[in-house]
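In what follows, a structure is listed as structure tokens, so that the remarks can point back to it.
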Amino acid sequence: MPRAAIEITGLVQGVGFRPYVYALATALDLKGFVQNRGGHVLVDVEGDGAALRTFLDRLPASPPPHARIAAVRTRSLPPAHHRQFSIARGEAQAEAGLHVPPDLAVCECCAAELFDPADRRFRHPFISCTACGPRFTIIDRLPYERARTTMARFVMCRACRAEYEDPRNRRFHAQTIACHECGPVLTARHRDRVLAAGNGALALAADTIAAGGIVAIKGLGGYHLACDARHAGAVAALRRRKGRDDKPMAVMAPASLALPIAAQAGAEAVARLTSPEHPIVLVPAEAADSLGLASGVTAGSPSAGILLPYTPLHHLLAADLARPLVMTSGNYSDEPMAIDDEQASRQLAGVADLFVTHDRRIEVRCDDSVVRVHAAGSSIIRRSRGYAPEPVALAEPATAHVLAVGGDLKNTICLLAGAGAYLSAHIGSLDTAAAYAALQHAVVRMGQTFGVSPEIVAHDLHPGYLSTRLARELAASRHVAVQHHHAHVLSCVAEHRCTEPVIGVVFDGTGYGADGAIWGGEFLIVDGIRAHRVAHLAYVPMPGGDAAIREPWRMAVAHLAAAFGPGLGPAGELLAARIDSERFAVVRQMIERAVCTAPTSSVGRLFDAVASIAGLCDAVSYEGQAAMRLEAVAGEAADCRYAFAIDTAGAAWRIDAAPVIQAIAGDIAAARPAAAIAGAFHDAVAEMIASVAAAWARQSGIRRVALSGGVFQNARIAVAAAQRLGGEGLTVLQHRRVPCNDGGLSLGQALLAARLSRQGDLPRCA
Ligand code: ZN
Ligand code: ZN
Ligand code: FE
């Protein structure tokens, strides 16, 4: 009897792959077994030669919807005379190319059963199957088997066991299988008191929300805080109690309400919203008008974040309440989202009126992912639930296990094992002790899940970053410091599997430069392990350090001083009229005397300055707020044109914003509308990117340009720059799967460490 061993790698665990193989093999009367190995699926199959060939043809042709086959390797084996075909128990095995399945939103079949009164899982808040349900957030170790998940403690009832073992059932070997009888139980609590369980808990949650209350809900990757998004009082109370700045809050709406809004924002918005990952999709705020949201939900932001229900519990609540719900992460201010029940009840005691929780432990924190849609497609702003920890396949496999710890803002970490770069879920800003602890935890878990202890640890060059401190404390044979913008370029390069030299354009808010200045408007030629800075925005002082991030008017003063001298010109007078005179005078003095200032080439801060000079925004409560407003008001700019001055004298070109600032000041004096000014400013930035990059392309012979850094979240800049660069005949690399902001930094750090290790060129740590 012909017999073959088939190894299938890719995303093949936790997606119903073994049942699929089983069905295929038994239909062809083949014998043998299928088994989850460390990170792949092994099929040992035996039978009639023609049937075996058909099997091999069909296997890669129609895998389950969420599976992604990376490679199929087949070799023949001596006959074993298998009697039947079976699904064998998973076997752990350390190896490269591991795939941890991401969490999957409720599938259509399960959603239908959820609302079918005749179904035994009618209204079961933990319904799932081989095609849907929690994965990443409940997995302790690989391979993916119920015993290695937080479902292990729930013993299957007889009915569930029968389905689990029935190859014709769609829950055949569904590791998360559960029902009312044997699954996790929902409870509604206030303080330590259990008020209701099961559907009673759901009813209480719905009543509380309908009455304007706030409910903490345990989800897949952490707790959410939910309230009626149309109830102004509830929304205001949530913002107040949560200590929330002006960041817009996400809104979960049933498909009947959410889909028309997405449709208005375009086909890409619909595709992203309904994708298996179910991210938060940012659409223009006007598009969400029909939802009738309380104004506090978007808080004046130009965009609104919407998402569809993705757990059975969400579906039930959405159906019972039939209205949009605020669904924001369950944390206080900037702390990481709570995942542990005790921690949640402590952290959220003053915020939530009711807790809806359950007895299935969350193993890994995982925030909702965020995707922004725009005219030219979409970009990922936060890569977390649904996407993490799907690896980015590298063109240059690492020869050592590398861990990169990212930066202190929008932190993620990245583990390299073989050709796979595994990025963690979003960890966030490391400005609280809890966030730092979350980073430590993520580092430990990452090693555990993949059974790897890192040999090389990569971190940011910033000596004061907490992530740097943590990296230095980790045991490893090597530590590698990577300059922030170098890491940004490599992050983009890694995604595109590009091994050639590139011209990197990195525009962002803040990154520690090789000269100790705050960089953020950089052109780098990146070749192999080297980065060479060829141009940058001319330095201006950042008055008061971080205070200049919170108060864009400070950067307006700095740029006006650079453009007009200490008098600040006519626009300075308009600005002064809006700001407290004493504080204004102090900032002017800081600049004149060069005290309490750090030099910066940040384009993010230039956007802040322009937003303030244009009278759009003098103070913000989160980074990027001013730039977002500037982008939102930008109209067509045919009637005014601005241009940067480029000084090509030195080794690195200096790009001077002064002529742009002077022209803007003139247009404000001429009472030109803000839309025209903002539009012209955007065009000038795009033009500057294209002309500087094209000039260096001619000089260096390099034809690829990588765009990275948070400024490229600005769709107008990203689209216009790419168009112009394309017009110059250059190939443009832009982020697609990993954020262009600091959320992608760890990937770039890891790539540099991998390149260094391959060259045997690793400096010993100091
Ligand atoms: Zn399902
Ligand atoms: Zn059951
Ligand atoms: Fe950055």
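So how tilted is helix 603-613 from the main axis of the chain? Cα-based, degrees 0 to 90, rounded to 10.
Its long axis makes an angle of about 60 degrees.
May I ask you to derive the relative contact order of the chain, considering only C-alpha pairs under 8 Å and at least 6 residues apart, and to give it as an integer percent?
Normalised by residue count, the contact order of the chain is 11 percent.
Which one, Ile209, His82, Ala196, projects farthest toward the positive side of the charge dipole computed for segment 70-214 from Cβ point charges (K/R +1, D/E -1)?
His82
Applying a 10 Å radius around every beta-carbon, put 405-411, 430-436 in order of their mean neighbour count, most first.
Order by mean packing, descending: 405-411, 430-436.
If packing is taken as the average count of other Cβ atoms within 10 Å, what order do 165-171, 710-716, 645-651 fall into, highest mean first?
In decreasing order of mean packing, 165-171, 710-716, 645-651 become 710-716, 165-171, 645-651.
From the Cα trace of segment 249-312, what convex hull volume per residue do you get, rounded to a whole Å³?
Working: hull volume 4.9 nm³, N = 64.
Given the Cα convex hull of segment 249-312, per-residue volume reads 77 Å³.
I'd like the Kirkwood hydrodynamic radius of segment 606-741, using the inverse of the mean 1/r over distinct C-alpha pairs, in Å.
The Cα-based Kirkwood calculation yields 15.7 Å.
Under Stokes-Einstein, with the Kirkwood radius over Cα pairs standing in for Rh, what whole-number D in µm²/s applies to segment 438-478 at 4 °C and 1.567 mPa s?
This corresponds to a translational diffusion coefficient of 120 µm²/s.
For segment 317-394, what is the convex hull volume of the alpha-carbon atoms per residue, in Å³? Kindly include the intermediate steps, with their values, before the conclusion.
Working: hull volume 13.7 nm³, N = 78.
Taking the convex hull of the Cα positions in segment 317-394, it is 175 Å³ per residue.
Please state, rounded to one decimal and in Å, the Kirkwood hydrodynamic radius that the chain gives when every pair of distinct Cα atoms enters the mean of 1/r.
For the chain, the Kirkwood estimate is 27.6 Å.
Could you list the square roots of 5 times each eigenvalue of the Cα gyration tensor of segment 238-369, that is, the equivalent ellipsoid semi-axes, sorted largest first and rounded to whole Å? Please list the in-between numbers first.
Details: eigenvalues 127, 62, 36 Å².
Equivalent ellipsoid semi-axes, largest first: 25, 18, 13 Å.
Local charge sum around Leu616 (other residues, Cβ-Cβ under 13 Å, Lys/Arg +1, Asp/Glu -1)?
Working: positive: Arg578, Arg629; negative: Asp608, Asp618, Glu631.
Here the charged neighbours net out to -1.
For segment 698-705, take each phi angle, set θ = phi - 60°, evaluate the Karplus expression 6.51 cos²θ - 1.76 cosθ + 1.60, and give the result in whole Hz per residue in order, putting x for glycine and proline.
5, 5, 9, x, 7, 10, 10, 10
Name the residues whose placed amide hydrogens come within less than 5 Å of the amide hydrogen of Phe85, ignoring near sequence neighbours (fewer than 5 apart) on the same chain.
Gly32
State, as an integer percentage, the relative contact order of segment 96-232 based on alpha-carbon contacts under 8 Å between residues 6 or more apart.
Rounded, it is 18 percent for segment 96-232.
Name the long-range amide H neighbours of Gly16: under 5 Å, sequence gap of 5 or more, or other chain; modelled H, no Pro or chain starts.
HN-HN under 5 Å from Gly16: empty list.
How big is the charge dipole of segment 152-306 about its Cα centre, in debye rounded to the nearest 20, if each Lys and Arg gets +1 on its Cβ and each Asp and Glu gets -1 on its Cβ? Spell out each step's value before the answer.
Working: 18 positive and 13 negative charges, 124 e Å.
In total the dipole reaches around 600 debye.
Using θ = phi - 60° and the Karplus form 6.51 cos²θ - 1.76 cosθ + 1.60, what ³J(HN,Hα) does each residue of segment 210-217 get, whole Hz, x for Gly and Pro?
Values, residue by residue: 4, 8, x, x, 10, 10, 8, 10 Hz.
Rg and Dmax of segment 387-535 over Cα atoms: what are they, in angstrom?
Rg, Dmax (Cα atoms, Å): 14.8, 43.
What do you get for the angle between helix 745-758 and the principal long axis of the chain? Use alpha-carbon atoms, 0 to 90 degrees, nearest ten.
80 degrees
Can you list the equivalent-ellipsoid semi-axes of segment 555-685, largest first and in whole Å, using the square root of 5 times each Cα gyration tensor eigenvalue?
21, 19, 14
When N counts the residues of segment 674-744, how does its alpha-carbon radius of gyration compare numerically with 2.2 N^0.38 Å, as a ratio?
Taking N as the residue count of segment 674-744, the ratio is 1.14.
Along segment 183-193, what does the Karplus equation 6.51 cos²θ - 1.76 cosθ + 1.60 (θ = phi - 60°) give for ³J(HN,Hα), rounded to whole Hz, x for Gly and Pro?
x, x, 10, 7, 9, 10, 10, 10, 6, 9, 8
For Gly511, what residues show an amide H to amide H distance below 5 Å, using hydrogens built from the backbone and excluding near sequence neighbours?
The answer is Trp519.
With angles folded into 0 to 90 degrees, how steeply does helix 433-450 sit against the dominant principal axis of the chain? Use alpha carbons for both and round to 10.
40 degrees
Along the charge dipole of the chain, which of Trp519, Ala404, Leu282 sits closest to the positive end, that is, farthest toward it, with unit charges on the beta carbon of Lys, Arg, Asp and Glu (+1, +1, -1, -1)?
Ala404
DSSP loop GluC sites (Glu not before Pro) in segment 23-129 with at most 12 other Cβ atoms within 10 Å of their Cβ, which ones?
Here the sparse-neighbourhood loop sites are Glu91.
Counting pairs of Cα atoms in segment 509-628, how many percent are more than 26 Å apart?
On the way: 1355 of 7140 pairs.
Cα-Cα pairs of segment 509-628 separated by over 26 Å account for 19 percent.
Ranked by Cβ crowding within 10 angstrom, fewest neighbours first, how are Leu308, Leu423, Leu756 ordered?
On the way: Leu308 24, Leu423 29, Leu756 21.
Exposure proxy ranking, most exposed first: Leu756, Leu308, Leu423.
Any number yet on Rg/Rh for segment 110-252, C-alpha, Kirkwood?
Ratio of gyration radius to Kirkwood radius: 1.03.
Return the percentage of antiparallel bridges among DSSP beta bridges fully within the chain, rounded to the nearest 5 %.
Around 75 percent of the beta bridges assigned by DSSP in the chain are antiparallel ones.
Could you check what % of the DSSP bridge pairs in segment 342-488 are antiparallel, to the nearest 5? Could the numbers behind the result be given before it?
Values: 15 of 23 bridges.
The antiparallel fraction comes to roughly 65 percent.
Peptides 528-534, 485-491: what's the order by average Cβ count within 10 Å, highest mean first?
So the order, starting with the most tightly packed, is 485-491, 528-534.
Bear in mind that the values in this text are calculations on the coordinates, not laboratory data. Everything numeric in this text was worked out from a predicted model, so none of it was measured. Using ideal geometry, Cβ is built from the backbone for each residue, glycine included, and neighbour counts are taken over all protein chains shown.
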